[in-house]
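Participant: Just passing along the structure, written as structure tokens.
The values are calculated or read from the model by the stated rules, or taken from the named source; none is laboratory data. Computed from a predicted model, the values in this text were never measured in an experiment. Neighbour counts are summed over all protein chains in view; Cβ atoms, including those assigned to glycine, are modelled from backbone coordinates with ideal geometry.
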Amino acid sequence: MDLIPTFSVRSDAARVAALGITRHHSESEPIIDDQRRQQVAELLAHAEQTRKPIEPLVIGFPGIDVVDAYEIQLLGIRRRVAGGARVVGHKVGLSSKVMQDMMNVDEPDYGHLLDDMMLTEADPIRTSAYCAPRVEFEVAFILGEDLPGEGCTENDVVRATRAIVPSIELIDSRIRDWQIKIEDTIADNASSAGVVLGTKRIDPSTVDLTNIDVQVHVTGAGATAPRRFLADGRSDAVLGNPATSVAWLANKVSAFGVALRAGDVVLPGSLTRAIDVHPGETFTAVFGRGLGQVTATFS
């Protein structure tokens, strides 16, 4: 399985071309050098371990750009893999036009999912283990076959997907108060923190992927706490079709020699706004088109 892109064999100019961005300086020289990239990766790792977020990277490291940020993300992932974690999939962030406009970008970003990020409905999630946790509600894809890279289409995604699954993504920012720019969130593994998958499995070819509704409710602590409606959304908020988001990801990572493989979990983006998490809350997301529901409880 191709787990992690190996940027070290490429020049910065090659990374720039693969990411499709413009750098406003000589492409032969990185804006921040490898030593400072490693420093940023270590700062983010320490923030995650101590739950003490750091100032925005764009303040502490002026000139950092998207190429630097992806390299920093990969340094962090390699560190965790070296410590025994295993890459089990990817997530797509900034998949809605609203979020892209907020970040002043014209495409999504992506991060890695690791086996130690996979959570269950049965086990409460410790809020204190995170800096500033939030939840998002997504139609997850579990691949049954490898996806092609360059030229991957929505039809390829549907054919290769074993099942779509209701999911809750736990996001967190190791950047203080969520004061993030695109460079911050990419370096911070696209703000990934955890995933809860529901039990229902649906063949994606049997449903209209652009028209899956979700209703989100929360129940507070205590047996008598009322159940409150929080948000609703629809799957076409995700690049018009969540399969489009997965295809985008397959094309993007192929530029670095990485493929999305059978068994991978892919989170294409949230159907709703992100919602802050507090101890004692239980979130329930009910999806339409027979996809069922998924819950996450926080202690």
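Participant: Is it the case, given these coordinates, that residue 169 is in contact with a Leu (Cβ under 6 Å, 6 or more places away or on another chain), surrounded by 15 or more Cβ atoms within 10 Å (Cβ to Cβ) and of a type in the set (D, E, K, R)?
Facilitator: Against the criterion (in contact with a Leu (Cβ under 6 Å, 6 or more places away or on another chain), surrounded by 15 or more Cβ atoms within 10 Å (Cβ to Cβ) and of a type in the set (D, E, K, R)), residue 169 qualifies.
Participant: Give the residue that is farthest from residue 296 (Cα to Cα), with candidates limited to residues of the range 221-255 that are surrounded by 14 or more Cβ atoms within 10 Å (Cβ to Cβ), over 16 Å from the mean Cα position of the chain (by Cα) and of a type in the set (D, E, K, R).
Facilitator: Taking the candidates together, the pick is 236.
Participant: When residues of the range 256-299 are filtered for being among the small types (Gly, Ala, Ser), within 17 Å of the chain's Cα centre (by Cα) and on the phi < 0 side of the Ramachandran plot, how many remain?
Facilitator: Number of matching residues: 3.
Participant: If we only count helices (runs of 4 or more DSSP H) wholly inside the range 1-73, which ones have 1 or more residues that are in contact with a Leu (Cβ under 6 Å, 6 or more places away or on another chain) and modelled with pLDDT of 95 or more?
Facilitator: Helices (runs of 4 or more DSSP H) meeting the threshold: 34-50.
Participant: Anything in the range 172-205 that is crowded, with 23+ Cβ neighbours inside 10 Å, among the aliphatic types (A, V, I, L, M) and out of contact with any strand residue (DSSP E or B) (no Cβ under 8 Å at 6 or more places or on another chain)? List them, or say none.
Facilitator: Selection gives 187 alone.
Participant: Let me spell it out: the conditions are (1) touching a helix residue (DSSP H, G or I) at 6+ places or on another chain (Cβ under 6 Å); (2) without any contact (Cβ under 8 Å) to a residue 60 or more places away in the chain, and residue 73 meets all of them except one. Which number is the exception?
Facilitator: (2)
Participant: How many of the residues in the range 140-160 are of a type outside the set (Gly, Ala, Ser), in contact with a Leu (Cβ under 7 Å, 6 or more places away or on another chain) and either surrounded by 19 or more Cβ atoms within 10 Å (Cβ to Cβ) or within 24 Å of residue 43 (Cα to Cα) (or both)?
Facilitator: The number of residues fulfilling the criteria is 3.
Participant: Go through the range 257-288 residue by residue and tally those that are within 17 Å of residue 247 (Cα to Cα) and assigned to a loop (DSSP other than H, G, I, E, B).
Facilitator: Counting residues in the range 257-288 that are within 17 Å of residue 247 (Cα to Cα) and assigned to a loop (DSSP other than H, G, I, E, B) gives 10.
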